[in-house]
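Structure, as C-alpha cells:
The values are calculated or read from the model by the stated rules, or taken from the named source; none is laboratory data. Just so we're clear, the structure is a prediction, and the values are computed from it rather than from any experiment. Cβ: placed from backbone, ideal geometry, glycine included. Neighbour counts: every protein chain shown.
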Amino acid sequence: MFSVRLEEHPAPSAQSDADILLGWLLDTLGLVRRRSDALTVAASQRPLHRLLREHLLAEPGVGRDAAYLADALGISATALHHHLNRLHALRLVSSSGGEAGWKAHHLRSGSLSGAIELLSAEIRAILTLRLRPLSEWRTANSPAPEGATEVERLPFRLIISESAPVVDDEDELNALLRDFGLFGERPGKSADGLTRLAFERLLQSERPFSLDEGVNEWEVTRPRLQRTFDRMRSAGMVERVPRLDRLTVILWDAITSQHGRRGADWLAGRGGFGRLPDKVAERVQRALAKGDFDSERCAEYFSDVSVEEQMLLLNLLGGRLPHGYRLVGETGEDVATEVMLRTERVLSRLATVAQNLEELL
C-alpha cells in the first residue's frame, strides 16, 4: 500500500555534495528516523544510502536482484528486504521479472527525477481525495480576527497514505487521523480518543480553543494535549494564534492589578497610558478612581483602540495574552488548500534535489 512520510527540512546548502543531497532526500521522505549523524560521514555508509547511490542511482536503467544487492552491500537478505519494501511503498522503486525467478529492482521510470515526479503526482491525487470530506466535517465558520497571526509555525510533517479498509468499525474521520499520523508514533486507545476529541472540537469551534480549556474539560495533562495539537500544526491543519477574544478581559485584569499595586501615576507614566488617546486614558482613570471599572467597561472604552495598541499596552503592564488553537482558514476547503500548499513546497524541493543529484552522479 502506498505510504510516504513527508518531513520539511531546510534546503541543503551544499548543492555539489551528492551524499548531503541524498541524505536530505532520505530525511525528507521520512526514510531516516535517527538524524544524529545525518550530515556526517557515517550517514553515507548506511545500507539504504549506499543502495541508492551505488546501485539504483548509479545504474538507473539496470535492474538488480536481491541476491546481487545483498552481496554487494554486505547485509542480510532480511535487512535488504526491509529497505526495498520501504522504497516500494514510496513508489520510488519498481520490480520486474528477472533471471532464474529473481525480481529485478530498479528506479521507477528509469530516473530519480522521473520517480519523484510520479511520486508527487500520486501524493497530490491522494491528498485531494483524502482531504475532500473536510468541507462537510467543518461545521463552524471561524474567520481569523484582525491581528491573529500564527505563532511559531512548526516544520511540516505529514504521513500520506491511500485509503485502507476501516478497522473496528471506525468512520472516515478516524481513518484520516490515523492514516495521517495524527494519533502519534505508537498510539494507544486513550491517545486516539484525545486526538479525535480535539479535532472534532476544532471542527465545531468558532474561536480558538486553549490548552487550559482542554485540560479542564478532558482531564488530561497539559503536555499531552499540547503534543496532540502540535501534530495537527505540523500537518498544516491547525495554527496557534493569540486569543484576541480574551484581549479586553486580560487587559482589564492587568490594569486593575497594576492600579492596585502601583497607583494611577504609574499607569499614566511607565504603565503605558501615555501612549493611549487622551479620551480613553481619562475615561479609564476616572472609572478606576470610582471603583466601577469592569471588563465590560474595558471593552467599551477600548473599542476604538487598535489591536496592536492594546497588545502593546498589555505588554507594558506585564500582562500575558493566552494562545489558542484553530483550524487554518474559515472553511474545510481552506484547510485542504493550506495542507496542499505546504506539501507542494516540499515536493518542489524534492524535484530540485533529484535533478541536482542526477547531474552529479
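Quick rundown of the values:
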{"read-out": "Flag if residue 205 is of a type in the set (Ser, Thr, Tyr) and out of contact with any Phe, Trp or Tyr (no Cβ under 7 Å at 6 or more places or on another chain)", "value": "yes"}
{"read-out": "Where a residue in segment 322-350 is at pLDDT 95 or above and its partner, wherever it lies, is of a type in the set (D, E, K, R), with Cβ under 7 Å and at least six apart", "value": "346/8"}
{"read-out": "Where residue 184 falls short, out of the listed (1) modelled with pLDDT under 90; (2) in a helix (DSSP H, G or I)", "value": "(2)"}
{"read-out": "Single residue of segment 47-76 satisfying the filter (of a type in the set (A, V, I, L, M, F, W, C) and over 36 Å from the mean Cα position of the chain (by Cα)) that is modelled with the lowest pLDDT", "value": "62"}
{"read-out": "Condition met for residue 104 (among the aliphatic types (A, V, I, L, M), assigned to a helix (DSSP H, G or I) and more than 12 Å from residue 51 (Cα to Cα))", "value": "no"}
{"read-out": "Residue pairs meeting the criteria (Cβ under 9 Å; at least 6 apart or on separate chains; first in contact (Cβ under 8 Å) with a residue 12 or more places away in the chain and in a loop (DSSP other than H, G, I, E, B), in segment 153-172; second surrounded by 13 or more Cβ atoms within 10 Å (Cβ to Cβ) and polar (S, T, N, Q))", "value": "154/234; 155/234; 156/234; 156/343; 162/3"}
{"read-out": "Residue within segment 197-217 that is modelled with pLDDT under 75 and among the aliphatic types (A, V, I, L, M) present", "value": "no"}
{"read-out": "Selected residue [assigned by TED's automatic domain parsing to the domain that holds residue 307, of a type outside the set (Ser, Thr, Tyr), assigned to a helix (DSSP H, G or I) and surrounded by fewer than 19 Cβ atoms within 10 Å (Cβ to Cβ)] from 224, 262", "value": "262"}
{"read-out": "Of all residues in segment 230-259 being of a type in the set (Lys, Arg) and part of a helix (DSSP H, G or I), the one that is nearest to the chain's Cα centre (by Cα)", "value": "233"}
{"read-out": "Sole exception among (1) surrounded by fewer than 16 Cβ atoms within 10 Å (Cβ to Cβ); (2) at pLDDT 90 or above for residue 152, by number", "value": "(2)"}
{"read-out": "Some residue of segment 30-44 being modelled with pLDDT of 90 or more, outside any loop (DSSP other than H, G, I, E, B) and not β-branched (Val, Ile, Thr)", "value": "no"}
{"read-out": "Only listed residue being at pLDDT 90 or above, charged (D, E, K, R), touching a strand residue (DSSP E or B) at 6+ places or on another chain (Cβ under 6 Å) and closer than 30 Å to residue 193 by Cβ, chosen from 231, 240", "value": "240"}
